[in-house]
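The block underneath contains the structure these notes are about, expressed in structure tokens.
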Amino acid sequence: MAARRGAASGERPGPRRAPAHGGPGPASTLSPRPAPHGGGNHAHAQAPARRGARGPAGGGPASCTAHARPGCAGCHAGARPRRRQRRTHPLGGKHRRFRCWIAAARALAAARGVDTPAAAIARTREAAMTIAIALNRFGLGARPDETLSRDPKGFLLDQFGRYEALPPAWATLPGSQAIAAGYIAERQEVRSTQGDAKQRARIDLRKDGRDILRVAANARAVSALTTPTPFVERLVHFWSNHFAISADKQTVIPFAGAFEAEAIRPHVLGRFEDMLLAVERHPAMQLFLDQAQSVGPGSAFARRATSRDPKKAPGLNENLAREIMELHTLGARTGYTQADITEFARALTGWSSVGLGRGGKVRAGAGDPGSFVFRPMLHEPGTRTIMGRSYAQQGEGQPLAILGELAAAHSTADHIATKLARHFVADEPPPALVARLSAAFRESSGDLPAVYRALVVAPESWAPTLAKFKTPWEWLISSMRGLGMSDANEIQVAGVMQQLGQPVWRPGSPAGFDDVAASWAAPDALVRRVEMAQRLTVRATGAIDPRELAPKLLPGNLAPATAQAIARAESLPTGLALLLVSPEFLRR
């Protein structure tokens, strides 16, 4: 058997060795156990030899455990060293050719346009991620009852033709003129009363303003939850933050919702210049930046007031002029000077709102309360020179001409392009994308849908990396949409957003809320989201299985670790809460 085994393994049989200690002859080498040693009359079980085991330092056999001495010739006389055998592939020597056949088959399938299983899986995952980007990065988050489009880009662009500027959620809210009429009447009551009645009237005025804001905030949320055009709805939120007002100012509180409904929503798919004009003329912006109090030093009104009492001469207010140039159009550090801001402020004098400007009275024939009005008596006469260009127009034509130039400026195009790219793509927007968006803005003379189309078709917009961290507003709306909620009145959005750290229409600054992760990803802010997620999931109607919901909300982006954590949750609400605060859901 030893000879046959050696032949089978390719070894050449050697001469047989003579037995030692007078033991058996050659037959003993075929026995599965070694024969008893001659004269010793003992037997021992030999331990299996280890591969590559060596004897003592002379190269001899290993020690005999029975005789307790090294190199027992009787125990190891018949043992022959076995050669190390090579591991072979189950297919034998043909496995290399087999692998070549597989590679050739894959190459042929690719050449013929036939999907291999691996390619099909990769393509499916890529398609799912593209859908997720359309729903979450461009939109406001997926809904469980939403039908996913196979053409994400077409799904986004098609929304332009279906957008409703005044959806049902907004249709029943009072406009700025009705709000102004009530505000002016209540303010007059405060002025005309004394003592405790005056204090109660002042409290009622503030309460009514907060009630109007709360209802408008709920309408904004309902519109975001139920809209069939979430991409355009996100753009409304973007522009409302770009042209930011802040309800921290008492007089602005009741007008904040009307500002978004009247100055932003109707113009989000129009020309930038038209939106700019509607924004700057709106009473909310006029009140927020004190434009209604600005009087030209050389105006007829100022000369008359100075002649009566030089100590009470009205003055020029530069707030609106500064924010138009620095935040709304050109951007900071783009070549204008303080002198340019002052000249622009002089050109803007005369802009006001009926009943909300100096004196606060509605004169006969002046127009409806809260409507825009140009007051020639307040306007600073003369030619204005801004950034090297002269504007000799008279009256209201002068600020309109300046606004038109600012809206079409190259710096404005760059500023708007940068902010759009930062909002939709990355905190540090890709320069190439910014350049293309800026070019689309200039070439279309500020046609906003043309800029949006350039954004949608840009490859940078579809990068699979979840680069944007959701603001509290984005997270709340996407969470409620993901849970299938449509009614925001149950949670009172204004109060919830106050808890989450982003109160609606209250950024506290004309610059609006920050649009970078560093402002929203602090540990305490994440703790508040966890607490809110638990509250939302308890309110969710029906037995929603988070294991089934997660792939619908995060197609192509759901990490195995997140899926496993959701599956191991102790209850359905806990699993849903884990989904809403998962790393994939917190980003878009």
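Less than 11 Å Cβ to Cβ from Q498, Lys/Arg counted +1 and Asp/Glu -1: what total charge do the surrounding residues give?
Net of charged neighbours comes to +3.
With a Förster radius of 45 Å, plug the Cβ-Cβ distance of D151 and K249 into 1/(1 + (r/R0)^6) and report the FRET value to the nearest 0.05.
On the way: r = 45 Å, r/R0 = 1.00.
Result of the calculation: an efficiency of 0.50.
In nanometres, what is the gap between the two model label sites at Q498 and T342, each 7 Å from Cα along Cα-to-Cβ?
4.2
With a ≥ b ≥ c taken as the square roots of the eigenvalues of the C-alpha gyration tensor of the range 428-548, please select rounded if a/c is under 1.5 and otherwise prolate if a/b is larger than b/c or oblate if it is not?
Since a/c reaches 1.5 and a/b is larger than b/c, the shape of the range 428-548 is classed as prolate.
Classify the range 183-313 from the C-alpha gyration tensor, please: rounded if a/c falls under 1.5, else prolate or oblate depending on whether a/b exceeds b/c.
In terms of gyration-tensor shape, oblate.
Taking a probe of 1.4 angstrom, what is the accessible area of K153 in Å², to the nearest 10?
80
Assuming R0 = 25 Å, what is the FRET efficiency of D487 and F160, from their Cβ-Cβ distance, to the nearest 0.05?
Result of the calculation: an efficiency of 0.35.
Pulled fully out, how much extra length does the chain show between A561 and T334, if you take 0.36 nm times their separation in residues and subtract their Cα-Cα distance? Working shown, then result.
Numbers: separation 227, 0.36 × 227 = 81.72 nm, distance 4.72 nm.
Here the answer is 77.0 nm.
Whole-Hz Karplus ³J(HN,Hα) for the range 385-391, in order, using 6.51 cos²θ - 1.76 cosθ + 1.60 and θ = phi - 60°, x for Gly and Pro?
Computed from phi, the couplings for the range 385-391 are 10, 10, 6, x, 10, 9, 10 Hz.
How much accessible area per residue does the range 187-322 have, in Å², with a 1.4 Å probe?
Each residue of the range 187-322 exposes 39 Å² on average to a 1.4 Å probe.
Between A450 and T574, what is 0.36 nm times their sequence separation minus the Cα-Cα distance? Round to one decimal in nm. Intermediate values should be presented prior to the final figure.
Details: separation 124, 0.36 × 124 = 44.64 nm, distance 4.38 nm.
Value of the extension gain: 40.3 nm.
Leaving ligands, DNA and RNA out of it, rank W462, W505 by accessible area with a 1.4 Å probe, largest first.
These residues rank, largest area first, as W462, W505.
Give, in nm to one decimal, the length gained when the segment between H410 and V527 is fully stretched (0.36 nm per residue of separation minus the Cα-Cα distance). Mind showing how you got there, number by number?
Numbers: separation 117, 0.36 × 117 = 42.12 nm, distance 4.28 nm.
The span from H410 to V527 would gain 37.8 nm if fully extended.
Separation between the A463 and D368 pseudo-spin-labels, each 7 Å from Cα along Cα→Cβ, expressed in nm?
Roughly 4.7 nm, to one decimal.
For the range 253-339, what does the alpha-carbon gyration tensor say about shape, rounded, prolate or oblate, given a ≥ b ≥ c as the root eigenvalues, a/c under 1.5 as rounded, and a/b over b/c as prolate?
Oblate, because a/c is 1.5 or more while a/b does not exceed b/c.
Could you tell me the relative contact order of the range 447-561? Use alpha-carbon pairs under 8 Å, at least six residues apart, and round to a whole percent.
Once divided by the residue count of the range 447-561, the mean separation gives 29 percent.
The values are calculated or read from the model by the stated rules, or taken from the named source; none is laboratory data. As the structure is a prediction and not an experimental result, all values here were calculated from the model. Positions of Cβ are backbone-derived with ideal geometry, glycine not excepted, and every protein chain shown enters the neighbour counts. For accessibility, only protein heavy atoms count, side chains too; no ligands or nucleic acids. Shrake-Rupley method; radii C 1.70, N 1.55, O 1.52, S 1.80 Å.
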